[in-house]
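Report on one structure; see the data block that follows.
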Amino acid sequence: MSLVVQDAFGRPFELMSPGRRIVSLVPSITETLFELGAGDQVVGVTKFCTEPPDGVRTKTRVGGPKTPRHDAIRDLAPDLVIANVEENRRADVETLRAAGLPVFVTFPRSVREGIQLIRDLGVLTDRGQRAEALCASCERAVAEIADTQDGRSRVRVFCPIWRRPYMTINADTYVHDVLRTCGGENVFGDRPDRYPVVSLAEMAAMRPDMVLLPDEPFPFDQEHLEDFRDLADVPAVSADRLRLVDGKILSWYGSRIPQSLRTLLDILQG
């Protein structure tokens, strides 16, 4: 009996049997595969796949998400390659498919879609029972957080993902939905571009209550707080609510969703 899930474009993706030799080109998916108990089925990962450290240490590195080594992937003879619309290039996916490799392309843009991806991975790896347990944990966290939001005003948040130029996120992104789920309001959510370029003057005009500076994809750190020090009229600055945060809590979907949501909720309410 074949295994069928929907890919990023709503098309059926079919395997005739569970993946036993998997190459993951997405760090958060690599982590989730191990959480599903499918770590032994993973044979190749990218150089940015860091979780879990002991698990990925022994896996073959096949390059970066945007610079995969096609020959190294082919040599591993995978029966399943997992990619993402944004983290991986279309040309690489097409090259791997042309070599006869089955490539499952993902693209979760909401917490709910991130939870569904866990179920899909459970189907493709024959780890459905464990996947349902992880999904139940995720759904409990979402419900618990929703209960805390009754009567609360949303926290207006500026969350850049790049510097020079400053870039942020609109409503059609996973990061936006994570913020929304935890009671945040993305001040640039209505921009038409998924990753709009903005100036700090534009940010100041939006008067966010909090600024979150994640350490990925751009590695914001202590020195970058100085960019905001002269913007004393911004509520986030005057109230000293500039926060350096682990980028994984915002952008890594999959098995870490419950932990990430609870951590972000604490930050927004703190």
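The values are calculated or read from the model by the stated rules, or taken from the named source; none is laboratory data. Note that the structure is a prediction, hence the values are computed from the model and not measured. Cβ sites come from the backbone with ideal geometry, for glycine too, and all protein chains shown count toward neighbours. Keep in mind that these areas ignore ligands, DNA and RNA; they rest on the heavy atoms of the full protein, side chains included. Shrake-Rupley method; radii C 1.70, N 1.55, O 1.52, S 1.80 Å.
Here are the numbers for the structure shown:
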item: Out of 16, 1, sole residue that is open to solvent by 30 Å² or more (accessible area, probe 1.4 Å) and over 24 Å from residue 75 (Cβ atoms); result: 1
item: Inter-residue pairs, beta-carbon under 6 Å, first small (Gly, Ala, Ser) and in segment 123-134, second in a helix (DSSP H, G or I), 6+ apart; result: 128/122; 131/118; 131/119; 131/122
item: Segment 157-179, residues that are touching a residue at least 24 places away in the same chain (Cβ under 8 Å) and more than 14 Å from residue 213 (Cα to Cα); result: 165, 170, 172, 173, 174, 177, 178
item: Selection from segment 217-236 of residues that are charged (D, E, K, R), surrounded by fewer than 16 Cβ atoms within 10 Å (Cβ to Cβ) and touching a residue at least 12 places away in the same chain (Cβ under 8 Å); result: 221, 233
item: Yes/no for residue 209 being acidic (Asp, Glu) and either crowded, with 22+ Cβ neighbours inside 10 Å or on the phi < 0 side of the Ramachandran plot (or both); result: yes
item: Scope segment 104-146; condition under 27 Å from residue 17 (Cα atoms), outside any helix (DSSP H, G or I) and open to solvent by less than 50 Å² (accessible area, probe 1.4 Å); matching residues; result: 104, 105, 106, 107, 108
item: Residue that is surrounded by the most Cβ atoms within 10 Å (Cβ to Cβ) [pool: residues in segment 37-47 that are assigned to a loop (DSSP other than H, G, I, E, B) and either among the hydroxyl-bearing types (Ser, Thr, Tyr) or in contact with a Gly (Cβ under 6 Å, 6 or more places away or on another chain) (or both)]; result: 46
item: Residue match in segment 237-246 (condition: within 23 Å of residue 32 (Cα to Cα), surrounded by fewer than 20 Cβ atoms within 10 Å (Cβ to Cβ) and either at pLDDT below 95 or not hydrophobic (A, V, I, L, M, F, W, C) (or both)); result: yes
item: Pick from segment 67-103, criterion acidic (Asp, Glu) and farther than 18 Å from residue 9 by Cα, ranking: surrounded by the most Cβ atoms within 10 Å (Cβ to Cβ); result: 79
item: Candidate set from segment 183-206 (those that are among the hydrophobic types (A, V, I, L, M, F, W, C) and in contact (Cβ under 8 Å) with a residue 12 or more places away in the chain); member that is surrounded by the fewest Cβ atoms within 10 Å (Cβ to Cβ); result: 197
item: Among (1) over 21 Å from residue 257 (Cα atoms); (2) free of Cβ contacts under 8 Å to residues at least 24 places away in the same chain; (3) under 20 Å from the mean Cα position of the chain (by Cα); (4) surrounded by 16 or more Cβ atoms within 10 Å (Cβ to Cβ) - the single one residue 64 does not satisfy; result: (4)
